[in-house]
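Each remark here refers to the structure printed beneath this line.
The values are calculated or read from the model by the stated rules, or taken from the named source; none is laboratory data. If you're wondering where the values come from, they're calculated on a predicted model, not measured in any experiment. Here the Cβ is made from the backbone with ideal geometry for all residues, glycine too, and neighbour counts use every protein chain on show. When the accessible area is computed, the model is the full protein with side chains, heavy atoms only, and any ligands, DNA or RNA have been set aside. Shrake-Rupley method; radii C 1.70, N 1.55, O 1.52, S 1.80 Å.
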Amino acid sequence: MFSFFVIPFCLGVVLLLGISVWKYIRWIRGFDKRQQVIIRRNIWSWRFLPAIWEAFREGLLHWRITKHHLLLGYMHRSLAFGWFLLIVVGAVQAILACPGGHPFYVAIFFNFFEPRSERIVHFAQAPFYANLMDALLIYVLSGLCLAAFKRVWSRPLGMRQTTHHNLIDRIAKLSLWCIFPLRLLAEGATAAIYGNGGFLVTGVGALMAAMGLDNEIFEYHLWVLYSLALGTFFTLMPFTRYMHIFTEIFLIYFRQLGLRETVRKDGYTLFELSACSRCGICIDGCPIHDPLGIHDTQGVYMLQNIRNKDVWKQAERIADNCLVCGRCSTECPVQIDLEGIRRQVRAKGKEAIDKSQSYGYLKSVHPFNAMGRIGYFGGCMSHLTPSITESMERIFRAAGQDYWYMDKERTICCGRPLLQQGFVRQAEELRRRNSELIAQSGVTMLVTSCPICYQSFTKEYHLAIPVMHHSEYIAQLLKEGRLQVTPSEQRIAYHDPCELGRGCGIYEAPRTVLQAVGELQHTRQEREQSLCCGINLGDTVISGTQQAQVRDRAYENLVEGQPDTIATACPMCKKALARGGDTPVRDIAELVAEKMK
Amino acid sequence: MNKFGFQISRPRSINMDLSDDGRREQLLEEVPSYRLCIGCGGCTATCSAGQFTNFNIRRSHTALACNQTEGLAAQLDSCMLCGKCMLVCPRGVNLRGLIIRMRQMLGRV
Ligand code: SF4
Ligand code: SF4
Ligand code: SF4
Ligand code: SF4
């Protein structure tokens, strides 16, 4: 059972395996020391079970993409799962048909060898398998048609923009797209001559004969082309986006083991870079893509730039130009830690100026004894919106809560704005000082009005006390009956702040509070899809005018239902939106303080 | 010392020989919105770091634009990048971008 045409395919498989194993070993050795410890500690645990399930669900069924858009999910699934089934069913078919064993390529080129080799026997379910393989081929081809259609018109598949791929990706894609039609034609030609194969290829073979093609001449050439397409695709795979097919499985497993991005680019980052399928789902939602025409910073392009090492310098610039609104990482079906990677690139550019001894002056802030009270941390931005902090103080008093307003006079930044820009050491210094002050004060809980601080305290600090955003805190007071409000008729549209919603997953608490004081409206883009207010501290490149353009989008979305009030839960969003038009913008703390009994 | 909530800058003189427009041009190229600055000092008035030290952000960016870089790098290190200045600026100057680029420029010297 051999024919010369199988050589390109076999060569491709050998190269693919060799290069990927070499790459993966190199990357794993490049893991951070602590990551390696985590791997060693967890490798013999049950965690591979959920990893297998997730790899099946995401790698083959493309569940998250399906949730994003049904038809797009179908397209990805039919290609991935369809091809997978073609290989598996083909292997089963070959095993059943060759009781004496067979070379591995026979499973792939079964229809070619079936009529030619006496070692292949006719088994009872043979026609069933032949038809099943044809049905699967239709499944894959339907996905392929959708993929080709998407290149021309992507809207029906839920995408306004598709990714711009580089040359090698395009060549690999071309070879991938050739594989299945060539298989259909090759099997069709064989079917026309030998009468084997299922309903589809028999039909295609008959059609080819009816069109006057001499199948005897074409058959072998078609098999050669099919094998060449496979060989080309497999050889190119390790150097293109298609490597994501294997890498995603590893990434899912590593994530289950507990690995995360660290401050520096390491082996784990290389896995994430390679796991991006360049699907382009991260492009459409980006608030600076359309309004500002910035087309190089979205997840897919940033990763592409990092992979392309020679434009590292450029990657830094590109990485700086992003609001860190989290929209892309929330939508990414591979759940790549885009923010973590972006921070690494930013940090690389700041290494020389990121000093660890910048804030000696903070020693002048003396600890305060607030034993047993709760601490209130307004945050820098709340100092610019005193109505929020005043409302919070009124709420504390109304609830009979003993509190200590930590940063009433002077405020020490929580450190997140620095961290976002890649100033790792400086941010740590601020965190250290704040942690000391909080620990020494003896407060039992921390409430903050700023979602940036909230995210910082919950994710970067390791405080021994609970931390709450004021929306959660007020919701709790209302629930416990410690605070009573008078409901009103006012229609309220709520703006989800990036840092609170996508950043910390707090969507419900502010809504519960708002329902108590007015009538909450729905907006077209809310919760995970909420639009950035534009002032977000993530971006240090765009100008004030550009920020206003981003804000206008968010504002339009909010006023669509003509609300009486726009509510938000972030001092910065409040400031930004208030400049957007005439509708009054209030923080939920203000709305509650106003309506308190 | 009495705290009045504001500080008065010491009298300073500008040495024209030290002045070099190159710095300013470079800064404007990297942060075009700096062109809009009217020197109002709003940024300094609100500055978080300025509440603890005598760091003066308006003085810092004006000094760099005049190529007076002495002691500037250390001054700028005290900025916490909190962004208050940017929100207060009436002209929409991208101050955080400006501060980072200034620090990078000074770091390169
Ligand atoms: S980053 Fe995620 S969403 Fe964007 S192209 Fe890659 S896999 Fe798709
Ligand atoms: S974080 Fe937001 S602004 Fe940045 S690339 Fe993603 S979607 Fe665009
Ligand atoms: S607030 Fe703006 S305009 Fe005023 S001095 Fe500062 S940067 Fe210049
Ligand atoms: S970002 Fe820096 S200069 Fe601006 S207010 Fe904050 S500490 Fe002051």
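Within segment B:50-78, the set of residues being farther than 21 Å from A:Ala352 by Cα, at the interface with chain A (Cβ under 10 Å from one of its Cβ atoms) and of a type outside the set (Phe, Trp, Tyr) comprises B:Gly50, B:Gln51, B:Thr53, B:Asn54.
Applying a threshold of 6 Å to beta carbon distances and a minimum spacing of six or more residues, or different chains, the list of pairs starting in segment A:326-348 at a residue that is away from ligand 2 (no atom under 12 Å from the Cβ) and of a type in the set (Val, Ile, Thr) and ending at one that is modelled with pLDDT under 95 and open to solvent by 20 Å² or more (accessible area, probe 1.4 Å) reads A:Val345/A:Glu316.
Among the candidates A:Lys23, A:Lys33, the residue that is at pLDDT 95 or above and within 20 Å of A:Phe254 (Cβ to Cβ) is uniquely A:Lys23. A:Cys533 fulfils the conditions (1) more than 28 Å from B:Asn94 (Cα to Cα); (2) in contact with a Cys (Cβ under 6 Å, 6 or more places away or on another chain) except for a single criterion, (1). Among the residues of segment B:44-81, those that are assigned to a loop (DSSP other than H, G, I, E, B) and within 20 Å of B:Glu29 (Cα to Cα) comprise B:Cys66, B:Asn67, B:Gln68, B:Thr69. Under the condition of being in a helix (DSSP H, G or I), more than 8 Å from chain B (Cβ to nearest Cβ) and open to solvent by 70 Å² or more (accessible area, probe 1.4 Å), the residues counted in segment A:348-367 number 3. If you go through segment A:571-584 and keep only what is away from chain B (no Cβ under 11 Å) and surrounded by 24 or more Cβ atoms within 10 Å (Cβ to Cβ), you end up with A:Cys573, A:Leu577.
In segment B:82-109, the qualifying residues are those that are outside any helix (DSSP H, G or I) and in contact (Cβ under 8 Å) with a residue 60 or more places away in the chain, and the one that is farthest from the other protein chains (Cβ to nearest Cβ) is B:Val93. Checked against the criteria, A:Ile395 counts as over 22 Å from the mean Cα position of the chain (by Cα) and assigned to a helix (DSSP H, G or I). Selection of segment A:196-205 for residues being open to solvent by 60 Å² or more (accessible area, probe 1.4 Å) and not polar (S, T, N, Q) yields only A:Phe199. Taken over segment A:93-138, the residue count meeting the criterion of being part of a loop (DSSP other than H, G, I, E, B) and either out of contact with any Cys (no Cβ under 8 Å at 6 or more places or on another chain) or of a type in the set (Lys, Arg) (or both) is 18.
A:Asp214 meets each of the listed conditions (1) surrounded by fewer than 21 Cβ atoms within 10 Å (Cβ to Cβ); (2) closer than 30 Å to A:Ile52 by Cβ apart from (2).
Yes/no per residue for (1) polar (S, T, N, Q); (2) in the same structural domain as A:Tyr268 (by TED's automatic domain parsing); (3) more than 16 Å from ligand 4 (Cβ to nearest atom); (4) modelled with pLDDT of 90 or more:
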site	(1), (2), (3), (4)
A:Lys309	no, yes, yes, no
A:Ile318	no, yes, yes, no
A:Cys322	no, yes, yes, yes
A:Cys328	no, yes, yes, yes
A:Ser364	yes, no, no, no
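Considering A:Glu519, A:Glu480, A:Glu528, A:Glu489, the condition of being over 22 Å from A:Cys413 (Cα atoms) and under 22 Å from the mean Cα position of the chain (by Cα) is satisfied by A:Glu528 alone. Taking the criterion of being small (Gly, Ala, Ser) and touching a Ser or Thr at 6+ places or on another chain (Cβ under 7 Å), the residues of segment B:23-47 that qualify are B:Ser33, B:Gly39. State yes or no: is A:Val324 more than 16 Å from ligand 3 (Cβ to nearest atom), within 14 Å of chain B (Cβ to nearest Cβ), of a type in the set (A, V, I, L, M, F, W, C) and over 30 Å from A:Lys595 (Cβ atoms)? Yes: the conditions hold for A:Val324. Here A:Ser530 clears all of (1) free of Cβ contacts under 8 Å to residues at least 40 places away in the same chain; (2) open to solvent by 20 Å² or more (accessible area, probe 1.4 Å); (3) closer than 23 Å to A:Lys459 by Cβ except the condition numbered (2).
Residues that are assigned to a loop (DSSP other than H, G, I, E, B) and more than 16 Å from ligand 2 (Cβ to nearest atom) within segment A:237-296 comprise A:Thr240, A:Gly258, A:Leu259, A:Arg260, A:Thr262, A:Val263, A:Arg264, A:Lys265, A:Asp266, A:Ser277, listed in sequence order.
When restricted to residues that are open to solvent by 20 Å² or more (accessible area, probe 1.4 Å) and either within 16 Å of ligand 2 (Cβ to nearest atom) or of a type in the set (Lys, Arg) (or both), segment A:302-322 contains 9. Every listed requirement among (1) out of contact with any Gly (no Cβ under 6 Å at 6 or more places or on another chain); (2) more than 21 Å from B:Lys84 (Cβ to Cβ) is met by A:Trp404 save one, (1).
Residues in segment A:562-592 that are within 20 Å of A:Ala399 (Cβ to Cβ) and modelled with pLDDT under 95: none.
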